[in-house]
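Chemist: Take this structure first; my questions come after.
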Amino acid sequence: MTLSVLIPIYKGSQTLRATLDSLRAQNDSDFTIIIGNDTKKEDQDELRKVRSVVKSFSDLKITYRENPANLGCQGNFQKLVDMAESSIVLFLAHDDIFSEDAVKIVRNAFEKNKGVGFLIRPYFWF
């Protein structure tokens, strides 16, 4: 089963590196990443910072898009879903960090339980 991690961003340059580091550390590396940046075009400094972070993760399979106009949270989520071609999509906010087995756990849940259509993941506050 193909899997894509969808990351919506709005002014996420300060936390995106840690988020992508957690994806780089996955023990199941067979996935793609789609990033949709909803930061307004006027904030060129922020956009440059995010582009720089994304570029530094060239070893990951990342599709990066900047929205031509601010879509808002739900619009950005929907655009990412529309871009995904995978049978499994996994949302990850630009300020979330996955455990090293997160992708594997999600993939296994779908592969072992053919009737499963939707999963949620636990959140930990720290």
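Chemist: Considering only K79, K61, K114, give the residue with the highest GNM mean-square fluctuation for the chain, with springs between Cα atoms whenever their separation is below 10 Å.
Modeler: K114
Chemist: Per-residue counts of other Cβ atoms within 10 Å, averaged by peptide: what ranking do you get for 39-46, 99-106, highest first?
Modeler: With the highest mean Cβ count within 10 Å placed first, the list reads 99-106, 39-46.
Chemist: Going through the cross-link list K55/K112; K40/K79; K11/K55, which pairs have a Cα-Cα distance over 26 Å in this structure?
Modeler: K55/K112
Chemist: In bins 10 Å wide, starting from 0, what share of all Cα pairs of region 1-125 does each bin hold, as a percent?
Modeler: That works out to 13, 45, 33, 8, 1, in percent per bin.
Chemist: Carbon and sulfur atoms: what percent of the 1.4 Å accessible area of the chain do they account for?
Modeler: Whole-percent figure for carbon plus sulfur exposure: 55.
Chemist: Relative contact order, percent, of the chain when contacts are C-alpha pairs under 8 Å separated by at least 6 residues?
Modeler: Relative contact order here is 40 percent.
Chemist: Leaving out ligands and nucleic acids, and using a 1.4 Å probe, what accessible area per residue does region 16-87 come to in Å²?
Modeler: 55
Chemist: With springs connecting C-alpha atoms under 10 Å apart, model the chain as a Gaussian network and identify which of G12, G36, G72 has the largest mean-square fluctuation.
Modeler: G72
Chemist: Placing +1 on the Cβ of each Lys and Arg and -1 on the Cβ of each Asp and Glu in region 19-85, which of V50, V81, I62 has its Cα farthest towards the positive end of the resulting dipole?
Modeler: Result: V50, furthest along the dipole toward the positive end.
Chemist: Please calculate the 1.4 Å probe accessible area of D30, with all protein chains present, and give it to the nearest 10 Å².
Modeler: Probe radius 1.4 Å; accessible area of D30 about 100 Å².
Chemist: Here's a follow-up. Short version: ³J(HN,Hα) in whole Hz for each residue of region 90-95, in order, from phi by Karplus 6.51 cos²θ - 1.76 cosθ + 1.60 (θ = phi - 60°), x for Gly and Pro, what are they?
Modeler: 10, 7, 9, 5, 5, 10
Chemist: Take every Cα-Cα pair in region 52-98 and report what % of them are more than 18 Å apart.
Modeler: 40
Chemist: Quick one: angle between helix 102-112 and the longest Cα principal axis of the chain, in degrees between 0 and 90, rounded to 10, please.
Modeler: 40
The values are calculated or read from the model by the stated rules, or taken from the named source; none is laboratory data. Here the structure is a predicted model, which means the values were calculated and not measured. As a convention, Cβ positions derive from the backbone with ideal geometry for all residues, glycine included, and neighbour counts pool all protein chains shown. Heads up: the accessible areas ignore ligands, DNA and RNA and are worked out on the full protein's heavy atoms, side chains in. Shrake-Rupley method; radii C 1.70, N 1.55, O 1.52, S 1.80 Å.
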